[in-house]
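Here the structure is laid out as structure tokens; the discussion comes afterwards.
The values are calculated or read from the model by the stated rules, or taken from the named source; none is laboratory data. Keep in mind that this is a model prediction, so the values were computed, not measured. Ideal geometry is used to build each Cβ from the backbone, glycine not excepted, and the neighbour counts take in all protein chains shown.
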Amino acid sequence: MTAPEELSRRLRELPSVDEVAGQFAGRYPHEAVVREVRAALAALREDLRAGRSPAQTAWELAEARLRGLERSSLRGVINATGVILHTNLGRAPLGGAPPVAGYSNLEYDIASGKRGKRDAHIGGLLRNLLGSPAIAVNNGAAAVFLALHELAAGGEVLVSRGELIEIGDGFRIPDIMRASGAALREVGTTNRTRLEDYREAMGERTRLILRVHPSNFRIEGFTAKPELAELAALARESGIPLYEDLGSGCLVDLRPFGVKEPLVRESLDAGVDLVSFSGDKLLGGPQAGILAGREDLVTRLRRNPMFRALRLDKLILESLSATLRALLLERWDLIPALAMIRIPGETLRQRANALAARIPGAAVVEGRSLSGGGATPEQSLPSWLVALPGDAAAVERQLRLGDPPVISRIEDGHALLDPRTVFPAEEDALMARLQSIL
Ligand SMILES: *Cc1c(COP(=O)(O)O)cnc(C)c1O
């Protein structure tokens, strides 16, 4: 038989949709069965045409696809990369408290029996932590959008040319500004912006001065920008609010642990009128965007119709409230990202040694963990890593493709595991995965 004849014979031998579907009758809804069986048969035909021999029958493939519908594609992974706020792995890992099931007092004031406000569940906590009124929306980008839309739509916003940044995944300050209806007025030059540049750019249409934390980007060498307090003084003198997009928004001082991020409170103390930052970066909570500052400005933001469109869901409120309470009570163990930043070097060395001792050919090496999450890239913390034996790319791939997936990193020809981002409770599962592949 010639190759084309062989191919058409094998294609003809594939079962019909009805033949395969019959086996699943009663176990899954008919429509789902037909869709998955068709997809399974299409995949088999494609394999045959490409000259590959299929590893599974149509029944097996369809069964796997139907079973796949019963599982979430969003699953837990072991993060052994050492990047604490890993954007691809959900940024700040969440602590364990399960969300409220059933009904809740989301917008109900139990004491009075009347309607309540959903932001009451976090407003007081944020005020205690920041010393100012605050609200929360869907994420940092939504916070920037809401602030610009309410405070500057139809007018101009002054921004230093050195701060017109893209943070990642297409979040560009000029684009958000355009969408909010505010016009951008660039000030100074890329490397140097002086207070005078802001003053000279002010005009009738100026509504807001915006300062943006450069996050994952740094200008070095011949640079200058005004101190925050100087900019705040200019804002006050001219009656134009100063708004700072802080990005990561650190609420507790992590400088003793090597993360050199300014505190949100320091910006407010320097006289900034409004700040915003993410919930899932150095705050250590769920995805959210927090806006805090002058009472009159926060009140305006809350009244803007877009606030309703960008508001938080009850699952997030529950999780954010848990994080904020843990921050107030300094229970770092309940905020995994902060707990990971605070792990002493000696503990990391012991954990790396204990892992390596059980893996033949593994070695412990000095290395760095990254804070990640748009915090400055050079912000790294000293750590102790386990260098795995074997072909780095193959080991990295096998670890990633198993269950649970283990995400490692490759450096200097080795697959590396950083114990800092591995929860101690995950170590047994990690060992089991390592033993199965090495
Ligand atoms: C991360 C970041 C944002 C966006 O925040 P998301 O929560 O990711 O939407 C905005 N501005 C700065 C400076 C950032 O670092």
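Of the residues in the range 207-237, how many are more than 16 Å from the ligand (Cβ to nearest atom), farther than 20 Å from PRO262 by Cβ and touching a helix residue (DSSP H, G or I) at 6+ places or on another chain (Cβ under 8 Å)?
Qualifying residue count for the region: 1.
Every residue in the range 337-396 that is part of a strand (DSSP E or B) and of a type in the set (D, E, K, R), please.
Taking the range 337-396 and keeping what is part of a strand (DSSP E or B), we get 363-372, 380-388.
Listed by number, the residues that qualify are GLU366, ARG368.
Which condition breaks for PRO344 when tested against (1) modelled with pLDDT of 95 or more; (2) surrounded by fewer than 22 Cβ atoms within 10 Å (Cβ to Cβ); (3) under 25 Å from THR87 (Cβ atoms)?
(3)
ALA40 - would you say it is surrounded by 12 or more Cβ atoms within 10 Å (Cβ to Cβ) and in contact (Cβ under 8 Å) with a residue 40 or more places away in the chain?
On the way: surrounded by 12 or more Cβ atoms within 10 Å (Cβ to Cβ): yes; in contact (Cβ under 8 Å) with a residue 40 or more places away in the chain: no.
So ALA40 does not fit the description; no.
Of everything in the range 138-152, what is within 30 Å of GLU220 (Cβ to Cβ) and within 8 Å of the ligand (Cβ to nearest atom)? Give them in sequence order.
Going residue by residue through the range 138-152, those that are within 30 Å of GLU220 (Cβ to Cβ) are 139-141, 143-144, 147-148.
Across the range 138-152, the qualifying residues are ASN139, GLY140, ALA141, ALA143, VAL144.
Filter the range 62-84 down to the residues that are surrounded by 20 or more Cβ atoms within 10 Å (Cβ to Cβ), among the hydrophobic types (A, V, I, L, M, F, W, C) and outside any loop (DSSP other than H, G, I, E, B) and list them by number.
Of all residues in the range 62-84, those surrounded by 20 or more Cβ atoms within 10 Å (Cβ to Cβ) come to 62-63, 78-84.
Pick out the ones that are also among the hydrophobic types (A, V, I, L, M, F, W, C) and you get 62, 78, 80, 83-84.
Scanning the range 62-84 gives ALA62, ILE78, VAL83, ILE84.
Would you tally the residues in the range 153-174 being within 16 Å of the ligand (Cβ to nearest atom), out of contact with any Gly (no Cβ under 6 Å at 6 or more places or on another chain) and modelled with pLDDT of 90 or more?
Count: 2.
Only residues that are within 16 Å of the ligand (Cβ to nearest atom) and in a loop (DSSP other than H, G, I, E, B): list them for the range 266-279, please.
Correct list: VAL272, GLY279.
For the range 294-316, what are the residues that are within 16 Å of the ligand (Cβ to nearest atom) and not in a helix (DSSP H, G or I)?
LEU310, ARG311, LEU312, ASP313
Results for (1) within 20 Å of GLU107 (Cα to Cα); (2) among the charged types (D, E, K, R); (3) surrounded by 21 or more Cβ atoms within 10 Å (Cβ to Cβ), shown as yes or no for each residue.
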| residue | (1), (2), (3) |
| --- | --- |
| ARG265 | no, yes, no |
| VAL275 | no, no, yes |
| GLY279 | no, no, yes |
| LEU291 | no, no, yes |
| ASN304 | yes, no, no |
| LYS314 | yes, yes, no |
| LEU334 | no, no, no |
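When you look at LEU282, is it of a type outside the set (D, E, K, R), within 19 Å of the chain's Cα centre (by Cα) and assigned to a loop (DSSP other than H, G, I, E, B), yes or no? Break it down stepwise before answering.
Details: of a type outside the set (D, E, K, R): yes; within 19 Å of the chain's Cα centre (by Cα): yes; assigned to a loop (DSSP other than H, G, I, E, B): yes.
It is true that LEU282 is of a type outside the set (D, E, K, R), within 19 Å of the chain's Cα centre (by Cα) and assigned to a loop (DSSP other than H, G, I, E, B).
Quick check: anything in the range 405-417 within 28 Å of ARG71 (Cα to Cα), in a helix (DSSP H, G or I) and touching a residue at least 60 places away in the same chain (Cβ under 8 Å)?
no
In this structure, does GLU107 turn out to be surrounded by fewer than 17 Cβ atoms within 10 Å (Cβ to Cβ), without any contact (Cβ under 8 Å) to a residue 60 or more places away in the chain and of a type outside the set (Ser, Thr, Tyr)? Before you say what the answer is, go through the steps one by one.
On the way: surrounded by fewer than 17 Cβ atoms within 10 Å (Cβ to Cβ): yes; without any contact (Cβ under 8 Å) to a residue 60 or more places away in the chain: yes; of a type outside the set (Ser, Thr, Tyr): yes.
Taking the combined requirement at face value, the residue satisfies it.
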